[in-house]
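Structure record follows, encoded as structure tokens.
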Amino acid sequence: MKKKNLIIGGIVGAALAVVISGFVSQEKATSANSYQNTKVTEDTKIKVERFNGIAQDKLSFKAKKPTVLPEDVKELEPKTEVVIQGAKKLKVVKQAWVDKDADKKLKYQRKELLIIQSDDDGTVKPMNVLSKGEKIQVAGVDAWLIKRGEHDPIQLIFWKDGRYFNVRGMNIKADKLIKIAESLQ
Amino acid sequence: MVKRLSLCLGAFLLGLGLFISPKGASAHDMEDNWANNDTIGYGYETDGGYVLAIQRMLKDTPWGYSAVDGYWGSKTYNGVVNFQRNEGIAADGIIGPVTWEEFEDYRVYVGYLGSTQYYEWNYNLTDSYPATYLRDACYGWYIDVTTNNSEDYWHVDHDFERLTYMCL
């Protein structure tokens with residue numbers, strides 16, 4: 001008799017769990033469907049135009065360069081990208097510097113600096129990314145410093161004058177990265 | 001007494017069910033925090049969008065031995081082992097939280113594109129065609145699986161699901 005009651009209680013509990021979890025999943029789906037969806041066609045498909053160097057004629061802003069750099073690094077060829085979705089465009093410049101002897105080191109031992117600038121004005125910010133960082137001030141604006149372990153990259157993210165900046169360093173200390181960011185001109 | 005016991009057991013199973021069922025009932029999509037992603041590799045998940053994403057990112061390293069086909073095999077395993085070794089972490093060929101974090105370290109937000117966040121996976125800084133990710137507000141993470149600028153985005157979960165709709 002006791003066993004029977006226990007089994008019945010267990011079955012009822014498990015059944016309720018399945019019903020409730022199904023209801024929760026349905027609620028999530030309903031919430032997602034409340035957005036307006038658009039079918040991906042040739043017109044709305046994401047396309048990326050890529051150019052070597054700083055293709056100033058493709059940009060709506062003048063690309064900034066840092067006057068402060070880490071020691072013993074060499075500059076790699078910059079890249080320009082125009083990300084297109086329908087009528088929307090995101091214009092991007094990427095500049096990078098690496099150890100002069102990077103080839104002799106494992107990846108996590110290398111010194112690397114990557115600076116990304118785009119014409120994202122920060123109206124919509126990626127809070128899923130920024131929430132991992134510490135909010136500080138850089139060059140008079142709010143910035144987010146995202147760091148994990150000693151050999152892991154550090155990202156410094158901020159928006160200034162209607163433009164997005166991501167200054168990312170590996171084996172570069174955070175205070176140096178801030179100086180690099182403040183020297184962008 | 002017996003009734004109380006059965007109620008307790010029922011309640012326990014209810015809690016257990018609520019904890020387990022949502023994960024089992026639907027595919028667990030890629031998380032913003034990649035350390036929370038499901039484990040990939042032999043003995044764990046071995047096909048679908050997660051594997052596509054790993055294979056595509058490995059193509060930006062010197063260890064992209066495998067095709068970007070979404071099926072885990074020895075070539076993908078060897079690529080992951082080499083990636084782990086170069087990150088200075090345990091090289092076991094299993095992509096658990098630590099390895100996912102190492103992959104996430106190279107994910108960089110680039111900007112907002114109307115309705116989606118646009119990211120690049122910048123491991124090789126001279127690469128002309130780095131892996132790119134879209135994060136859609138409705139459906140989460142998509143990765144471009146091509147290495148030649150032709151843009152073919154697939155959803156990152158345990159299924160094979162091409163990007164066909166975007167939310168605004």
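For the reader, a short list of remarks on this structure follows.
- Matching entry among B:THR126, B:THR164 (being touching a Leu at 6+ places or on another chain (Cβ under 6 Å), over 14 Å from B:GLN55 (Cα atoms) and either surrounded by fewer than 16 Cβ atoms within 10 Å (Cβ to Cβ) or of a type in the set (S, T, N, Q) (or both)): B:THR126
- Of the residues A:THR80, A:THR67, the single one that is more than 7 Å from chain B (Cβ to nearest Cβ) and closer than 15 Å to A:LEU114 by Cβ is A:THR80.
- Among the residues of region A:92-128, the ones that are of a type in the set (A, V, I, L, M, F, W, C) and either surrounded by fewer than 17 Cβ atoms within 10 Å (Cβ to Cβ) or more than 8 Å from chain B (Cβ to nearest Cβ) (or both) come to 8 in all.
- Among (1) within 11 Å of B:TYR109 (Cβ to Cβ); (2) in a loop (DSSP other than H, G, I, E, B); (3) modelled with pLDDT under 95 - the single one A:ASN128 does not satisfy: (2)
- Here the condition is being in the same structural domain as A:PRO153 (by TED's automatic domain parsing) and either more than 19 Å from the chain's Cα centre (by Cα) or at pLDDT below 95 (or both); of A:GLY122, A:GLY86, it holds for A:GLY86 alone.
- So B:ASP159, is it surrounded by fewer than 23 Cβ atoms within 10 Å (Cβ to Cβ), more than 10 Å from chain A (Cβ to nearest Cβ) and at pLDDT below 95: yes
- Of the residues in region B:3-24, not one is modelled with pLDDT of 95 or more and more than 9 Å from chain A (Cβ to nearest Cβ).
- Cβ separations smaller than 6 Å between residues 6+ apart or across chains give the following pairs from region A:55-74 residues that are touching a residue at least 12 places away in the same chain (Cβ under 8 Å) and more than 25 Å from A:ASP103 (Cβ to Cβ) to residues that are of a type in the set (S, T, N, Q) and exposed (fewer than 13 other Cβ atoms within 10 Å of the Cβ): A:LYS64/A:GLN185.
- Residue in region B:71-81 that is surrounded by fewer than 24 Cβ atoms within 10 Å (Cβ to Cβ), aromatic (Phe, Trp, Tyr) and either farther than 23 Å from A:VAL48 by Cβ or facing chain A (nearest Cβ under 9 Å) (or both) present: yes
- Entirely in region B:51-167, the strands (runs of 3 or more DSSP E) that have 2 or more residues that are of a type in the set (Phe, Trp, Tyr) and in contact (Cβ under 8 Å) with a residue 12 or more places away in the chain: B:116-121, B:140-144, B:153-155
The values are calculated or read from the model by the stated rules, or taken from the named source; none is laboratory data. All of these numbers come straight from a predicted model, not from anything done at the bench. Note that each Cβ is placed from the backbone with ideal geometry, even for glycine, and that neighbours are counted across all protein chains shown.
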